[in-house]
Amino acid sequence: MTSDPPRLEPVPPHRSAGTPAGMEFGIYVPQIVPEYETLLDLARTAERTGFDTLWLFDHLYAPALPDHPALEAWTTATALLADTTTLRVGALVLCNNFRHPVLLARMATTLDLISGGRLEFGLGSGSVREEHRQAGLPWGSAADRAERLGEALEIITRMFASERTSFQGRHYQVTEMPNRPRPVQQPRPPIHIGGAGPKYTMPLVARYADVWNVPTYGLRDWPALTGVLEKECARIERDPGLIRRSHQAVLAVAAHERDLPELRARVGRRFAAAAFGVDDGYIGTPAMLADRLGERAQQGISSFVFMVGAKHAAATMELFAAEVMPRL
């Protein structure tokens with residue numbers, strides 16, 4: 001791989017006028033729906049209630065639910081950005097194996113231009129082996145996927161920053177590739193990298209991420225992972241303070257304390273898998289949630305991505321905006 005990549009310039013946060021100072025709020029709604037209008041209604045609710053971002057998944061079909069209708073991520077994000085005015089949209093995260101990095105850089109640049117600079121750019125190494133097998137796409141070991149992802153991030157960040165890019169790696173070779181016009185957001189659309197793997201993920205976060213998206217299960221290892229990130233940043237002489245931290249977790253708001261048992265039971269059924277880490281999420285009354293969010297902000301988390309099923313997303317956003325945001 002080409003060595004000594006150019007040092008990344010910091011990307012400032014983008015916050016909605018209605019968001020409490022120092023915090024960003026996003027809603028993650030997997031697009032397991034049969035029609036676009038459902039997502040558009042949710043996106044417009046998010047925009048109206050003061051949420052900063054809306055996030056999709058990037059899979060060829062809904063994981064473990066192949067018979068359920070689901071919309072493709074990039075096409076859906078493009079439509080949502082065209083049909084909203086202030087909301088920022090992205091995927092947590094795009095799968096690097098689905099699109100060549102040169103094409104993806106061109107797509108991202110174009111969508112950032114069309115949306116007036118509202119693209120959030122998340123990229124990962126892939127998480128579902130079976131969909132790769134079914135589609136005949138390369139998978140490989142975790143080390144192979146991380147290496148491919150690193151090369152892709154190098155190409156994409158260079159294309160965001162330069163009018164022509166050359167790169168010679170083990171997986172990708174690019175020669176004098178133009179990228180005109182440049183993205184609206186400068187120095188680039190914010191790059192989100194998610195995960196908690198100290199061996200493969202954290203070095204990529206240190207080198208390329210503007211935002212480190214910490215999944216719920218990673219919160220328990222927060223001190224150790226923060227130490228790993230700081231060590232990796234020191235190794236490449238990058239200020240770890242330039243990398244914002246976001247936390248992705250389940251959200252459910254109870255209007256009254258008496259509603260909590262039923263709410264917790266419902267959320268437990270909906271997000272039963274251990275990876276969702278419901279106990280480390282945000283389930284409670286408005287006062288409880290404001291306290292917990294304040295505690296997480298003290299840890300250094302400035303952005304929150306709330307996982308909510310499409311069925312309850314609109315009501316949850318309305319209640320959160322009306323009862324939680326004013327307490328922060």
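The values are calculated or read from the model by the stated rules, or taken from the named source; none is laboratory data. Computed from a predicted model, the values in this text were never measured in an experiment. Methodologically, a virtual Cβ is constructed for each residue, glycine included, from the backbone with ideal geometry; neighbour enumeration extends over all protein chains shown. Surface areas here come from the heavy atoms of the whole protein model, side chains and all, with no ligands, DNA or RNA. Shrake-Rupley method; radii C 1.70, N 1.55, O 1.52, S 1.80 Å.
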For this session: Residue by residue through region 80-96, note down the ones that are open to solvent by less than 30 Å² (accessible area, probe 1.4 Å) and either under 14 Å from E120 (Cα atoms) or not in a loop (DSSP other than H, G, I, E, B) (or both).
Result: L80, L81, L87, R88, V89, G90, A91, L92, L94, C95, N96
Exercise. Only one of these conditions is not met by V29: (1) buried (at least 19 other Cβ atoms within 10 Å of the Cβ); (2) in contact with a Phe, Trp or Tyr (Cβ under 8 Å, 6 or more places away or on another chain); (3) at pLDDT 95 or above. Which number is it?
Worked result: (3)
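Would you point out the residue of region 296-322, among those that are outside any helix (DSSP H, G or I) and not hydrophobic (A, V, I, L, M, F, W, C), that is most open to solvent (accessible area, probe 1.4 Å)? Step through it out loud before you land on a result.
Within region 296-322, the subset outside any helix (DSSP H, G or I) is 300-309.
Then drop every residue that is not not hydrophobic (A, V, I, L, M, F, W, C), which leaves 300, 302-303, 309.
Details: G300: 40, S302: 20, S303: 13, G309: 10 Å².
This residue is G300.
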For this session: Consider D67 carefully, then state whether it is open to solvent by less than 10 Å² (accessible area, probe 1.4 Å), in a loop (DSSP other than H, G, I, E, B) and under 19 Å from G309 (Cβ atoms).
Result: no
For this session: Identify the single condition in (1) touching a residue at least 24 places away in the same chain (Cβ under 8 Å); (2) over 21 Å from F51 (Cα atoms); (3) of a type outside the set (F, W, Y) that G300 does not satisfy, given that it satisfies every other one.
Result: (2)
Exercise. Given region 97-213, what strands (runs of 3 or more DSSP E) lie entirely inside it while holding 1 or more residues that are among the hydroxyl-bearing types (S, T, Y) and either surrounded by 22 or more Cβ atoms within 10 Å (Cβ to Cβ) or modelled with pLDDT of 95 or more (or both)?
Worked result: 164-168, 173-178
For this session: From (1) touching a strand residue (DSSP E or B) at 6+ places or on another chain (Cβ under 7 Å); (2) crowded, with 19+ Cβ neighbours inside 10 Å; (3) of a type in the set (G, A, S), pick out the condition that doesn't hold for G284.
Result: (1)
Exercise. Hey, among I155, I191, which residue is more than 30 Å from A274 (Cα to Cα), of a type outside the set (S, T, Y) and touching a residue at least 40 places away in the same chain (Cβ under 8 Å)?
Worked result: I155
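Just for region 6-19: of the residues that are modelled with pLDDT under 65 and not small (G, A, S), which one is least open to solvent (accessible area, probe 1.4 Å)? Lay out the reasoning, then the answer.
To start, the set of residues in region 6-19 that are modelled with pLDDT under 65 comprises 6-7, 15-19.
Those still in the list that are not small (G, A, S) too: 6-7, 15, 19.
Working: P6: 89, R7: 160, R15: 102, T19: 17 Å².
Ranking the candidates gives T19 first.
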Seminar exercise, completed: In region 231-269, residues that are crowded, with 17+ Cβ neighbours inside 10 Å and without any contact (Cβ under 8 Å) to a residue 60 or more places away in the chain total 11
